[in-house]
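Student: Have a look at this one.
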Amino acid sequence: MQNINSLDKATSYSQGVRKTLRVVLDFLSAIAALLVVQNLVRDGQFGASIVATILLLVVLCVLPAAFLRRDIYLPLRGGMIVTGLVTANFIGIANLGLGAAGFVGFPFYMALCAALFSRKLTLFFFAVFSCAIAAIAALFIQGGLSSPDPRISEWNQNTANWVIMLASLMASNFLVIILVSNLSRYWKETDNVAANQALQFETLVEYAPDAIVIYDIDKNHFTSANTRAEELFGYSRDKLVNGLSLAELSPERQPSGELSASLARKHLEAALDGEFPIFHWRHLNAEGNEIDCEISLTRMPPFSQKLIRANIADIANRLADQKHREELQSQLSASQRLETIGQLTGGVAHDFNNLLAVTLGNLELLLEEADEEKRVEYVTSCINATLRGADLTRSMLSYARRAPLHPEVINLNKLVLETKNWAGRTLPSHIQVETSLLARLWDVEVDPGVAESALLNLILNARDAMPDHGKLTIETANIRIDESYQDSRNEALEPGRYVMIAVSDTGEGINSEILDKIFDPFFSTKPSSEGSGLGLSMVLGFMRQSEGTAQVYSEPGVGTTFKLYFPAISPVQAPPPEGRTAPESTLSQGKRILIAEDEDEVLTVLKTTLEKAGYQVIRASSGDEAKEIFEADPGFDLLLTDIVMPGQLKGTSLATALRAINNDLPVVFMSGYAAEATVHGNGLRPEDIRLMKPIMRRDLLAAVATAIGTSEKSA
């Protein structure tokens, strides 16, 4: 195989035509030579006309075959041969009339003209030949010409015979001209397209930014290479092609520790099987230096051979950039840690200076105070300041995940109820407190005192978010995370079973501008006299130390939900999820679901998940749009709706409006904001299912199947 720089091009149309014409013209020259010999034998039969024929054939047909051999003379040779043979044929026709054999050759002459010349010129020759034959026919009919053979004289004088011959000859000649001209034009066009495509492909490959080679597995060497391959490996193209094997361009072992030979064989076999492997590879250049590359393999035709095309990209710069980015990220993280430490140091210094000022001032007063009651008051103030300092130290240790914990196996439902009972009495009367606790909640192993402190912190934050009135909801749930999960702060939560506590309020919510900062130490939207800004950072530190995490979800104007995820204790055999049944494939067939969700990405994921499960899904980006769709076509089997959406109709009011049309419509509610806080008390039905985002695929399908199944059973 030639190099890519000089691709092995198939024989083009023009090359094929020239080759064919050379053979044809040589063949016609040979026939002309035979005719010369034959005419010499028949010289006595026809007289002087034979001499003229012999001269024409020799000059126009035989001699050019010997002296005009170059391709540039092909049209000239063709024209001379056609002229000579046609003239000879006309001499024969003038002597024999309808008995001349020359009529048979005219279609062939027209085909040769169509191949050599343009269609217009060929049609001109066709018209001239036709007129010449018609003139000869007229001479025979009128007696101007006569045949030496008396047996065909009568035929030559019959007008009908000449009309039939002329019509047949013209029809056959015209068809041959049209056929050859059209084929010639089509072949030229396809030849040009093929040539352009070959040139484009050659340019594309030759000047590609990656090295491109073709490797023959059977021959164990490269068969093609582009310029970039020469630059990458440092070898000339001649050396690369038919000279080097893959083993000679690779170290003995790859960075993974595997032998290059066995690993290369595995990738090549995968490409032969129709796969498109992409992998990291380390090559050797001519100087013996190692080059980190990314290689993609593809099998090349013809498939009777084992040819593999390899795109080889030098990724040294990419790896260097990646390392540089990692170093910058490390520096940025260090800078952020220093900034946090600076904030922490400043806040701690401020708070401890205040505490020390209180302690020092009271101790100085104590030295001079004789009144026992005053002395007790000063001592009590010192003790309180000391205790506040201990709380501050405990909060800092929790944030730093260094606080000593004393974990115990507990049920968080019990902890929630106990915390609600005593903390609820401290909440103002205008705040309504509700709980939604999952039965048979999984056990967890945490420090109950610190967990209670974290829950109390969230309750107090919820109280402060509702200065006038509102509802505080505490929920628990069992959560399964099947894949590695990244929370909003890009902290990994390992797959497994978790118990979630959600604390929700119906306050004004948190602006998106500050939502990412609320867990930062000393960040607070409250006045400095009402908090140190360590509460939420303490909660997050405790959750991290307990191998869990904390999340926040807020809808401005609706409320806020804080979620705490605690790792559940792994049982000997995990019980099946409560109240969930695996969706049956037969149940989903033909069922139609209306989804109302204002987040496009969430809406797309839900629609795709349900459609793959066999459901027919119609989507709406708001409650108002969903109502219009349902009014136009109420034949849905389920409504799946977000609770908080833009427009007039929220999730709960949408469900009420649609059930006014179809009273038996099952509904599944979704929200990142605590579902119980927004759904409970709105007059909805107990069988309605509520899901909290993020929703696992299994939980979504189970909830949909349960809702549809329950509806069908009640029907």
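The values are calculated or read from the model by the stated rules, or taken from the named source; none is laboratory data. Quick caveat, the model's predicted, so the values are computed rather than measured. Neighbour counts run over all protein chains shown; Cβ positions are idealised from the backbone, glycine included. All accessible areas refer to the heavy atoms of the entire protein, side chains included, with ligands and DNA or RNA removed. Shrake-Rupley method; radii C 1.70, N 1.55, O 1.52, S 1.80 Å.
Student: With Cβ to Cβ distances under 12 Å as the rule, what net charge do the other residues near residue 251 carry (K, R +1; D, E -1)?
Tutor: Neighbour charge sum, excluding residue 251 itself: -3.
Student: So for each of 552-564, 255-267, 406-418 I average, over its residues, the number of other beta carbons within 10 Å; can you give me the resulting order with the highest mean first?
Tutor: Taking the mean over residues of other Cβ atoms within 10 Å, the ranking is 552-564, 406-418, 255-267.
Student: Among the listed pairs 591/650; 517/612; 306/612; 414/517; 19/306, give every one whose C-alpha distance is greater than 28 Å. Kindly include the intermediate steps, with their values, before the conclusion.
Tutor: On the way: 591/650 24 Å; 517/612 39 Å; 306/612 39 Å; 414/517 31 Å; 19/306 33 Å.
Result: 517/612; 306/612; 414/517; 19/306 exceed 28 Å.
Student: Report, ordered by chain and residue number, the lysines lying within cross-link reach of residue 420, taken as a straight Cα distance under 27 Å and ignoring same-chain residues fewer than 8 apart.
Tutor: Of all the lysines, those that pass the test against residue 420 - Cα under 27 Å, at least 8 places apart if same chain - are 471, 526, 563, 693.
Student: Order 455-461, 213-219, 657-663 from most to least packed using the mean count of other Cβ atoms within 10 Å.
Tutor: Put in order of decreasing packing, that is 455-461, 213-219, 657-663.
Student: Label the range 409-473 by shape, choosing from rounded, prolate and oblate, from the square roots a ≥ b ≥ c of the eigenvalues of the Cα gyration tensor; if a/c is under 1.5 it is rounded, and otherwise prolate applies when a/b is larger than b/c, oblate when it is not. Could the numbers behind the result be given before it?
Tutor: Details: a/c = 2.63, a/b = 1.81, b/c = 1.45.
Prolate, since a/c reaches 1.5 and a/b exceeds b/c.
Student: Can you tell me how the range 157-252 classifies by the Cα gyration tensor, rounded, prolate or oblate, using a/c under 1.5 as the rounded cut?
Tutor: prolate
Student: Here's another thing I want to ask about it. State the three equivalent ellipsoid semi-axes of the range 73-207, derived from the C-alpha gyration tensor as the square roots of 5 times its eigenvalues, in descending order and whole Å.
Tutor: Each semi-axis is the square root of five times an eigenvalue, giving 43, 14, 10 Å.
Student: Which shape class applies to the range 600-668: rounded if a/c is under 1.5, otherwise prolate when a/b exceeds b/c and oblate if not, where a ≥ b ≥ c are the square roots of the Cα gyration tensor eigenvalues?
Tutor: oblate
Student: Sequence gap at least 6, Cα distance under 8 Å: using those rules, report the relative contact order of the range 145-261 to the nearest whole percent.
Tutor: Once normalised by length, the contact order is 12 percent.
Student: Roughly how much of residue 656 is accessible, in Å² to the nearest 10, using a 1.4 Å probe?
Tutor: Around 80 Å² of this residue is reachable by solvent.
Student: Then there is this: Using a cut-off of 14 Å between beta-carbons, work out the net charge of the residues near residue 30 (Lys and Arg +1, Asp and Glu -1, residue 30 not included).
Tutor: Here the charged neighbours net out to +1.
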